[in-house]
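Undergrad: Before anything else, here's the structure in question.
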Amino acid sequence: MNDRTPTSYDPHVIEPRRQAAWRARDAFATPPAESDRPHRYIKPSAPFTSGNIHIGHVRSYSIGDAYARFQRARGEDVLFAFGFDAFGLPAELGAIDRGEPPSDWVARCAEHMTGQLQRLGYSFDWTRTFMSSDALMYRWSQWLFLTLLDAGLIYRGTGAVDWCDTCQTTLATIQVEDGGLCWRCHNPVRLIQRPQWNLRISPYLQEADKRLAELADSGIWDEVALSSQRFVLGRVDGEEIDLVDSGGETLTVFTPHGDAVALAQFVLISPRHPGVERWIVDPTVREQLEDLRSGGLERDARDAEAIPLVDTGRTLPSPADAEPLPVLISPVVDGRFGATAVLGIPARDRTDALIAQRLGLQVNDDPCDETSAGSVNEGAGESPPSVAGLHPAMRYRANDFSISRQRSWGTPIPIVYCEGDCGAVPVPEEQLPVLLPLDLTPTGAGNPLAEREDFVRTTCPRCGGPAQRETDTLDCHFDALWLWVPVCVPPAERERPLDEIFALEDLRTWLPCERVVAGSDSGNFVFDQRIVTKALRDIGPLAFLTDGEPFAGCLFHEMVIRDGRKMSKHLGNVVDPDELVARYGADTVRLATLYAARPQRALNWSDSAVLRCHRFLTQVWDFSQAQLAATTTVQSGGDRPSGEGDQARDTTEHLRLKLAQWTERGVQKITEEMLALEMHSAVRDVMRLFDRIKDYEKRVLARSEELGAANRDALLDALTVLAQLLAPLAPNIAEELWIALGNDGDTQTPWPGVSSVVPA
Ligand SMILES: [Zn+2]
Ligand SMILES: [Zn+2]
């Protein structure tokens, strides 16, 4: 028999004990795909493998873990696992800092981060974790590259990148310091043109837009996530009209100002417009366009005041039979409307007005504008003359983007350049993966991969002659395009060819992912994952995702800040989760991040939430221990009242009824909150229920000397429900209480109202 001497709350005893028990019973193993229970793949974000789990991770994973544990407790099959996003600049910079190969650095980081996450008690299926930098995994990137290349969705172009002459290397934006200096040598950085591999997303923008409305209707995409998708897409509604020049050449032009088309004074074409060539006759104009396409924009040349304008010397007739419209090419279009052609309407549009000024155009009066001359006297109601031939239309700001980087710590691009006549040749799929040498120690200068003869020299797959490998690697953003899929693959199947992996029933069972829980800065990742899923649906591997959506539901949470500012070492306001766990235990730290703010709001860190949550858990523990000790005393006395003859029963029955009602109402409310991932409300309602349990005891004792058996049973029943409700939020202490209250600790604690007999 258990010794019922009350113990004090010691998370440093409880938590290792529970975590060892979870490991021993393999509590978070992904159930086999065959069961007919509901399957829920809950996707946490893939952390950059850059050293430490920070408090922002704790917030993110505490929300996802609470939801995963809640769904398991309801008897659903849950897949909760992630891969480390191990390639990329942060890892490369970490390795440069320490003068070691990035592969060693990320291996140590991942080990350390895994230890931190395990100490926090998250219910990840660790057998499904992977590193994106393992050859077995980055072959996914290479396979995806070849698949999208074959479908015409990857193309080679040129792009402008920041370059340091001293370090002989390209620089990412974050490596360019204020004043345009290199982060490493502090010499001036200049823009150069380099060949780039680009991902074509434009064919899927319209569908991404349409599906977004469906996702909004689903009710399980939260507003922050939806608005991030709308922002990345950048839809602009307006109208379009065909303009035909004297030679019969047609150009469809767009404007968001459909009612002011008659006031148009010029036409702007994006340099990336598919039909831009047709408007160029003059060779000097062609030269200017080439410069525009390859030169990129200096940082200070991106505003309307300075952005390049190339006059084609051609004109189109005005839709309102006014002055002919000069046709200009300018990248100003891209950032506002995508690769299209637009009407310049200076009377309506500030950017167009600035451009008109540069062109020396006298701006047409807008009759609708009350500040312009004449309109006041001529009265309201007058508007620009309407124009025939307008159709409602829309444009998207989202653009194709570069996926290659001149860096050594990334997935090698499976392309070779034949020294004969074959040009750029894709590496055949059966030769994947193209292996990245692991004994590279980047210094920040040059590209160490390009200096490795053993990597560069190869044979052309087409003619068998000498060839050189592509030495650019894929940006880690490209790895992110598939990073959400492999955890659905049982570890034993991971080495299969990718076409067999995509044929596995497991993918059909777990996809689409039921819920993504990620930071609100993940909008671009999620958007591009949604685009690529549609491409892979059309190409075939993900054909079973008929709407091309990888995520049925999505929750974006805001970041953790302190004193109203972003945390940074520089500001000295970083909260160290390890220190907090060492002091208060993991349950307190997790509960505090859930309690402190709604996921959709920034969590402004204060120690008061930690103290409040620690006090709460301590009280729950002490109260439960005291009740259990009292129960044992009654039992060992051998004369536990039967309840039938209990004097207190008559005067306290209504209190028991009240307690049962409170408990039932609490279960109902907290269930709704957990389903909606409103964990901050759930924590508050669990605290409220505990207050009511204490209140109940107080009221009973006000009426009678002792609780009596019936009242004590009712109280223990309520504490049992409290332990169940607390289990997803503070899992270590909750399971200890559940066991102490006489329940089976060898299986998943069921959610209240769910049968504890969950079939194996
Ligand atoms: Zn430099
Ligand atoms: Zn060849």
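Undergrad: Please verify whether the stretch 455-478 includes one or more residues that are of a type outside the set (Asp, Glu), within 16 Å of ligand 2 (Cβ to nearest atom), more than 29 Å from residue 270 (Cβ to Cβ) and touching a residue at least 60 places away in the same chain (Cβ under 8 Å). Give the steps one after another, and end with the answer.
TA: Applying the first criterion (of a type outside the set (Asp, Glu)) to the stretch 455-478 yields 455-469, 471, 473-474, 476-478.
Now drop any that are not within 16 Å of ligand 2 (Cβ to nearest atom), which leaves 456-469.
Subset that is more than 29 Å from residue 270 (Cβ to Cβ): 456-469.
Those still in the list that are touching a residue at least 60 places away in the same chain (Cβ under 8 Å) too: none.
No: zero hits.
Undergrad: What pairs come out if I take residues in the stretch 48-67 that are within 16 Å of residue 521 (Cα to Cα) and pair them with residues that are among the small types (Gly, Ala, Ser) and assigned to a helix (DSSP H, G or I) whose C-beta lies under 9 Å away, six or more apart or interchain?
TA: What qualifies is 48/91.
Undergrad: What are the residues in the stretch 542-572 that are outside any strand (DSSP E or B) and surrounded by 21 or more Cβ atoms within 10 Å (Cβ to Cβ), if any?
TA: Here is the first cut: in the stretch 542-572, the residues outside any strand (DSSP E or B) are 542-550, 552-553, 558-559, 563-564, 567-572.
Scanning the stretch 542-572 gives 542, 548, 549, 550, 553.
Undergrad: Would you check which residues across the stretch 164-190 are open to solvent by less than 40 Å² (accessible area, probe 1.4 Å) and modelled with pLDDT under 85 and list them?
TA: Listed by number, the residues that qualify are 167, 169, 170, 171, 172, 175, 176, 180, 189.
Here is a yes/no grid of residues against (1) modelled with pLDDT under 95; (2) open to solvent by 10 Å² or more (accessible area, probe 1.4 Å); (3) not basic (Lys, Arg):
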| residue | (1), (2), (3) |
| --- | --- |
| 201 | yes, no, yes |
| 209 | no, yes, yes |
| 226 | no, no, yes |
| 235 | no, yes, no |
| 242 | no, yes, yes |
| 253 | no, no, yes |
| 264 | no, no, yes |
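Undergrad: Modelled with pLDDT under 95 and either surrounded by 16 or more Cβ atoms within 10 Å (Cβ to Cβ) or not hydroxyl-bearing (Ser, Thr, Tyr) (or both) - does that describe any residue in the stretch 458-468? Let's see the steps before the verdict.
TA: The initial filter retains those residues of the stretch 458-468 that are modelled with pLDDT under 95, namely none.
Looking through the stretch 458-468, none of the residues is modelled with pLDDT under 95 and either surrounded by 16 or more Cβ atoms within 10 Å (Cβ to Cβ) or not hydroxyl-bearing (Ser, Thr, Tyr) (or both).
Undergrad: Which condition number in (1) under 30 Å from the mean Cα position of the chain (by Cα); (2) acidic (Asp, Glu); (3) within 16 Å of ligand 1 (Cβ to nearest atom) is the one that residue 222 fails?
TA: (3)
Rundown of residues vs (1) in a strand (DSSP E or B); (2) within 22 Å of the chain's Cα centre (by Cα); (3) closer than 30 Å to residue 203 by Cα, yes/no style:
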position: 499; (1), (2), (3): no, no, yes
position: 522; (1), (2), (3): no, yes, yes
position: 574; (1), (2), (3): no, no, no
position: 593; (1), (2), (3): no, yes, no
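Undergrad: Quick one: residue 13 ticks every box in (1) open to solvent by 30 Å² or more (accessible area, probe 1.4 Å); (2) touching a residue at least 60 places away in the same chain (Cβ under 8 Å) except a single one, so which number is it?
TA: (2)
Undergrad: Any idea which of (1) within 46 Å of the chain's Cα centre (by Cα); (2) open to solvent by less than 10 Å² (accessible area, probe 1.4 Å) is the one residue 716 doesn't satisfy?
TA: With respect to (1) within 46 Å of the chain's Cα centre (by Cα); (2) open to solvent by less than 10 Å² (accessible area, probe 1.4 Å), residue 716 is out only on (2).
Undergrad: Let me ask another. Can you tell me which residue within the stretch 125-183, out of those that are of a type in the set (Gly, Ala, Ser) and part of a helix (DSSP H, G or I), is nearest to ligand 1 (Cβ to nearest atom)? Let's see the steps before the verdict.
TA: Of the stretch 125-183, the ones of a type in the set (Gly, Ala, Ser) are 132-133, 135, 141, 151-152, 157, 159-160, 172, 179-180.
With the extra rule that they be part of a helix (DSSP H, G or I), the set shrinks to 135, 141.
Details: 135: 31, 141: 28 Å.
Looking at the filtered set, the residue picked out is 141.
Undergrad: Given (1) out of contact with any Ser or Thr (no Cβ under 8 Å at 6 or more places or on another chain); (2) open to solvent by 10 Å² or more (accessible area, probe 1.4 Å); (3) assigned to a loop (DSSP other than H, G, I, E, B), where does residue 608 come up short, assuming only one miss?
TA: (3)
Undergrad: Among the numbered criteria (1) open to solvent by less than 60 Å² (accessible area, probe 1.4 Å); (2) in a helix (DSSP H, G or I); (3) modelled with pLDDT under 95, which one does residue 291 miss?
TA: Only one criterion in (1) open to solvent by less than 60 Å² (accessible area, probe 1.4 Å); (2) in a helix (DSSP H, G or I); (3) modelled with pLDDT under 95 is unmet by residue 291, namely (1).
Yes/no per residue for (1) within 19 Å of residue 251 (Cβ to Cβ); (2) in a loop (DSSP other than H, G, I, E, B); (3) of a type outside the set (Lys, Arg); (4) at pLDDT below 95:
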residue	(1), (2), (3), (4)
303	no, yes, yes, yes
313	yes, no, yes, yes
319	yes, yes, yes, yes
334	yes, no, yes, yes
346	no, yes, yes, no
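Undergrad: Out of the residues in the stretch 422-436 that are under 24 Å from residue 169 (Cα atoms) and under 30 Å from the mean Cα position of the chain (by Cα), which is most open to solvent (accessible area, probe 1.4 Å)?
TA: So, considering only residues that are under 24 Å from residue 169 (Cα atoms) and under 30 Å from the mean Cα position of the chain (by Cα), the one most open to solvent (accessible area, probe 1.4 Å) is 435.
Undergrad: Anything in the stretch 419-429 that is near ligand 2 (Cβ under 7 Å from one of its atoms) and closer than 21 Å to residue 452 by Cα? List them, or say none. Can you show your working first?
TA: The initial filter retains those residues of the stretch 419-429 that are near ligand 2 (Cβ under 7 Å from one of its atoms), namely 420-422, 425.
Listed by number, the list holds a single entry, 425.
Yes or no, residue by residue, for (1) part of a loop (DSSP other than H, G, I, E, B); (2) surrounded by fewer than 23 Cβ atoms within 10 Å (Cβ to Cβ); (3) in contact with a His (Cβ under 6 Å, 6 or more places away or on another chain):
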position	(1), (2), (3)
22	no, yes, no
32	yes, yes, no
52	yes, yes, no
61	no, no, no
68	no, no, no
72	no, no, no
75	yes, yes, no
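Undergrad: Ok, one more. Mind listing just one residue for me: the one in the stretch 400-418 that is away from ligand 2 (no atom under 16 Å from the Cβ) and in a strand (DSSP E or B) and, of those, nearest to residue 138 (Cα to Cα)? Outline the logic, then answer.
TA: Quick first cut of the stretch 400-418, residues away from ligand 2 (no atom under 16 Å from the Cβ) only: 400-413.
Now restrict to residues that are in a strand (DSSP E or B): 401-402, 404-405, 411-412.
Details: 401: 20, 402: 18, 404: 14, 405: 15, 411: 6, 412: 9 Å.
Per the criteria, the residue is 411.
Let's see how each residue does on (1) buried (at least 16 other Cβ atoms within 10 Å of the Cβ); (2) in a loop (DSSP other than H, G, I, E, B):
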| position | (1), (2) |
| --- | --- |
| 385 | no, yes |
| 395 | yes, no |
| 420 | no, yes |
| 438 | no, yes |
| 449 | yes, yes |
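Undergrad: Hey, among 492, 445, 503, which residue is over 20 Å from residue 416 (Cβ atoms), at pLDDT below 95 and out of contact with any helix residue (DSSP H, G or I) (no Cβ under 7 Å at 6 or more places or on another chain)?
TA: On the way: 492 fails: at pLDDT below 95; 503 fails: at pLDDT below 95.
Step by step, each of 492, 445, 503 is checked, and only 445 is over 20 Å from residue 416 (Cβ atoms), at pLDDT below 95 and out of contact with any helix residue (DSSP H, G or I) (no Cβ under 7 Å at 6 or more places or on another chain).
Undergrad: Now for a different question. Please pick out the residue among 79, 144, 136, 120 that is touching a Leu at 6+ places or on another chain (Cβ under 7 Å) and modelled with pLDDT of 95 or more.
TA: On inspection, the qualifying residue turns out to be 144.
The values are calculated or read from the model by the stated rules, or taken from the named source; none is laboratory data. Quantities reported herein were computed from a predicted structural model and do not represent experimental measurements. Note that each Cβ is placed from the backbone with ideal geometry, even for glycine, and that neighbours are counted across all protein chains shown. Keep in mind that these areas ignore ligands, DNA and RNA; they rest on the heavy atoms of the full protein, side chains included. Shrake-Rupley method; radii C 1.70, N 1.55, O 1.52, S 1.80 Å.
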